Amino acid sequence: MEKTVALASDILAGIGGENNILRLENCMTRVRVEVQDDNKLDLARLKKLPGVSGYVKQGEQHQLIVGPGKAAQVVDAMRSLMGGAVIDDAERTKAQAKAKYKAPMSDALRQLANVFIPLIPAFIASGLITGIINILKRPDIVGDFATHYPNLLGILGIFGSAVFAIMNILVGVNTAKVFGGSLAMGGVMAGILSSPQLAQITLFGEALQPGRGGVIAVLLVVVLMCWIEKRLRSILPGSLELIFNPLLTTLITGSVAIIALQPLGA
């Protein structure tokens, strides 16, 4: 881990420090960064860093190739370093005042809001389409429209209800994003809880229920998944992390979800 932290520190220095970062993320093999000022980048230094095997720029995004499994570890280390960065007296005073007068549970509520706010456009579309359907079904407004065009109403019904069909998946992906986990794994956890095949399984003498606990269960499960994923990432060697982290995370989180967290969410 010392090499990972050293590489993360060197990358932060090469991109102009944390104040120059607009967006920081990773894929399987690359550290992806968007910055405020490209002139602060020291590309020559970044390309020569031990552990960086290549550099690619796509649009506004600078990508440093560090290898499979390593990218997530480096980004985690960068975020840790950024969280503990030295700040000047004015910023420190502002942060202390903000912490002093911050409402209880405000951080948790903000994270919860960040999960659901991106879903608002989907709810708006769904609500408007449902309203249109209700109008088209009223003979006092549109006459026999519903009788003549039942297929059209059926298609509109699909459009209007689609967000609820994939609600758990959307919440799972957004929760993983907010809590720093893999977006795909967040969707997978939600998919496990919603799988119709659960109804065919009996556990402790009781049939399992697909979707039990709704979005509350999804939130609990994906938060746990993010914690397990990060722990495994810090423990497993880089050469094994890419394969065994998603495997172990799915098996452990999925088991705990079905046995405890889904009933708790319900």
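So the values come out like this:
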{"read-out": "Karplus-derived 3J(HN,Hα), 6.51/-1.76/1.60, for each residue of the stretch 162-179, Hz, glycine and proline x", "value": "4, 4, 6, 5, 10, 3, 4, 5, 4, 5, x, 5, 5, 5, 4, 5, 5, 9"}
{"read-out": "Relative contact order (percent, whole number), the chain, Cα cutoff 8 Å, 6+ residue spacing", "value": "14 percent"}
{"read-out": "Residue-normalised accessible area of the chain, expressed per residue, 1.4 Å probe, Å²", "value": "59 Å²"}
{"read-out": "Theoretical ellipticity at 222 nm over the chain - DSSP helices of four or more residues, -39500 (n - 2.57) apiece, nearest 500", "value": "-19500 deg cm²/dmol"}
{"read-out": "Area of residue 25 that stays accessible when all protein chains are in place (1.4 Å probe, Å², to 10)", "value": "50 Å²"}
{"read-out": "Of every Cα-Cα pair in the chain, the percent that sits beyond 30 Å", "value": "48 percent"}
{"read-out": "Sequence ranges 178-187, 74-83, ranked by mean other-Cβ count within 10 angstrom, highest first", "value": "178-187, 74-83"}
{"read-out": "Compactness of the stretch 107-262, expressed as Rg and Dmax over alpha-carbon positions, Å", "value": "20.0, 69"}
{"read-out": "Karplus-derived HN-Hα couplings along the stretch 229-237 (A = 6.51, B = -1.76, C = 1.60, θ = phi - 60°), whole Hz, x at Gly and Pro", "value": "4, 5, 5, 5, 5, 7, 9, 6, x"}
{"read-out": "Separation of alpha-carbon centers, the stretch 197-266 and the stretch 126-143, rounded to whole Å", "value": "41 Å"}
{"read-out": "Residue 57/residue 36 FRET efficiency (R0 25 Å; Cβ-Cβ; nearest 0.05)", "value": "0.95"}
{"read-out": "Within the stretch 235-266: backbone nitrogen closer than 16 Å to the residue 204 label point (7 Å, Cα to C-beta)", "value": "254-266"}
{"read-out": "Of 200, 63, 73, the one that fluctuates the most in a GNM where the chain has Cα springs shorter than 10 Å", "value": "200"}
{"read-out": "q = 0.18, 0.21, 0.24 Å⁻¹: log10 I(q)/I(0) that the Debye formula gives for the stretch 1-86, counting C-alpha atoms only", "value": "-0.66, -0.94, -1.28"}
{"read-out": "Whole-Hz ³J(HN,Hα) from phi, Karplus 6.51 cos²θ - 1.76 cosθ + 1.60, for the stretch 180-191, glycine and proline x", "value": "x, x, 6, 4, 4, 5, x, x, 5, 4, 5, x"}
{"read-out": "Spin-label pair residue 18/residue 132, simplified geometry with 7 Å Cα→Cβ offset, distance in nm", "value": "4.7 nm"}
{"read-out": "Degrees between helix 70-83 axis and first principal axis of the chain (Cα, 0 to 90, nearest 10)", "value": "80 degrees"}
{"read-out": "Ranked by how many other beta carbons lie within 10 Å on average, peptides 118-124, 26-32, 171-177 from highest", "value": "171-177, 26-32, 118-124"}
{"read-out": "Summed side-chain charge close to residue 263 - residues other than residue 263 whose Cβ falls under 15 Å, Lys, Arg +1, Asp, Glu -1", "value": "0"}
{"read-out": "Degrees between helix 120-136 axis and first principal axis of the chain (Cα, 0 to 90, nearest 10)", "value": "10 degrees"}
{"read-out": "Residue-count net charge about residue 51 - beta-carbon cut-off 11 Å; Lys, Arg +1, Asp, Glu -1", "value": "+2"}
{"read-out": "Ordering of 219-227, 144-152 by packing [mean C-beta count within 10 Å, highest first]", "value": "219-227, 144-152"}
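The values are calculated or read from the model by the stated rules, or taken from the named source; none is laboratory data. Every value quoted in this text rests on a predicted model; they were computed, and no experiment measured them. Using ideal geometry, Cβ is built from the backbone for each residue, glycine included, and neighbour counts are taken over all protein chains shown. Protein only, heavy atoms only, side chains kept; ligands, DNA and RNA dropped before computing areas. Shrake-Rupley method; radii C 1.70, N 1.55, O 1.52, S 1.80 Å.
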